[in-house]
Amino acid sequence: MNYQSKLSIALIVLAIVLSGMAVLLAYESYVTSQSVKGEVEALGKQISNASSQISALGTSLSSLQNVGTAIQSLNSTLSQRIDTLSKQIEELKYPIQVYDALNRTVFITQQPQRIVSLAPSITEILFAINASNLVVGVDDYSNYPPAVLDMVKNGTIQRVGGFSEISLEKVISLKPDLVVGSTGVQYKFVYSLSQMGITSLSLKTESIDEIFSAILLLGKITNHYQEALTLVYSMKQNLLSTYSLVTSKTQEKPSVAYLVWINPIFVAGGGSFWSDVLYLSGGTNAFQNVSQAWPMISWEDLVSANPKVIVLSEYAGGFSNATQFIAWARSQPGGNNIEAIKEGRVYMFHGELNDMASRPSPRVIELQLALSLILHPDVYGAKEVPNDLTLDEVMNLTSTK
C-alpha cells in the first residue's frame, strides 16, 4: 500500500472519529438541553401551581372578607334594630299605648298584677324576664321553664285551655288585668276578651325582629325592662356567634322544608320566624316565597320545591320517627326525586327541641344551633347526625365548638 493510500485511509478514519465525536457532542448537547427543558418545564409547573394557589388564596381571602363583611353587617343591623326598639319602648310611660297585631291601640294604665298568657311563647318570655310572679294563668301547652309546671301543680297558676281552644270563662274567672295572646287562631279570643272590657294584647312574633320587640315591650309593661334588654342582647350575641361560625366555614345554604303536619301538609312559610332562623343557621326556607306563616301545601308542592333537608314535627301525621316518614315518602309519586328523601336528610325533632320549633321565644337560639348542626355537621366535626334528634344530642354534638 503506497503512502497516498495510507493517507487516504487515515483521513477517512479521522473523519469517522470526528463525526463520532460530533455525534457524541450533539447527543450530549441534546441530553443537556432536554434536561434543562425538563427543569424549565418543572419550574413552569411549580410557578403555575404557585400561581393557582395564590389565586385560590386570593379567592379564599376575598370570600372570608365577604363573610366578615356580612357578619359585621348583620351585627350592625341587629344592634341598630335593638337600639331603635329599646329607645322607642324605654320612653313609654304609664299609661302605655300599644299598637298590637290586631291593628288596635291598647292602653295599659299601670303595671299589671294578674297576667294570663294564651301562648307557650308568651309564657316563656314572661318567665325569661323574671315576671313569673305576675302570671296567674297559662294555656295547656305552656310547659317551659320547669317552674311553670311547678306553679301549675301548686295552684299558683291555672290552666285556661288549649292554644286554639281557650276557655273564656276560665280566663274571666282569674280576674286578669292583662291577657296576652299570639296571632292566628288566637285573634278571636283576644278580641272577645277586649269586648268584655278586659285589657288584652295580641303580639306578632313571626320574625327575629318581632320576637325582640315582644320581649322588650313585655319587659316595659311588666316593669322588667332591664331584664328584657339584657335578654335581647344575649340572644343577639348567641345568634350572631352561631351564624359567624357557620358562614366562616361554608358558603352552602341548603333549602329546608319544615313540615308541621303531614295529612294535610302544613309547612313553615315565608311569613314565619323559621325563615329568619334558617338564614342565621346557614340555610334557606324552601317555601320562603309563600307569604303565609304556616300555609297548607300539596304533596306535589313539596316534590316541586325539592328541599335538600326536611325537618318534621314530632308525631307529624302519625309518624313516630323519621325512618317511617322516609319509607312512606318513597312510596308517594315523585317521592324518590326529593333530594332530602334520596340522601336520607330527614330529621324529626323530639321533646324540648320539638317545642322550640313551633315557639318564637327566647329559645330560638337553641333551635338555630340544632338547624346549623343538621345543615352543616362538618362545622361541628360531627360524622353523623341522628335522624331522630333531641336537644341533649344537639348540645352534645355541638359542645366542642
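Only the coordinates and a few stated rules stand behind these numbers; no lab work does. From a predicted model like this one, the values you see are computed outputs, not experimental measurements. Glycine also receives a Cβ, built like all others from the backbone with ideal geometry; neighbour counts cover every protein chain displayed.
Computed quantities for the displayed model
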quantity	calculated
Beta bridges by DSSP in segment 249-398, antiparallel share as percent, to the nearest 5	25
Nearest-20 debye value, segment 249-398 charge dipole, Cβ charges on Lys, Arg, Asp, Glu	260
Footprinting exposure proxy for 108, 166 (fewest neighbouring C-beta atoms within 10 Å first)	108, 166
Ranked list, fewest to most other Cβ atoms within 10 Å of each Cβ, for 339, 206, 300	300, 339, 206
Rounded, prolate or oblate (a/c below 1.5 giving rounded, otherwise prolate when a/b exceeds b/c) for segment 249-398 by Cα gyration tensor	rounded
Charge dipole (debye, nearest 20) of segment 76-173; +1 at Cβ of Lys and Arg, -1 at Cβ of Asp and Glu	160
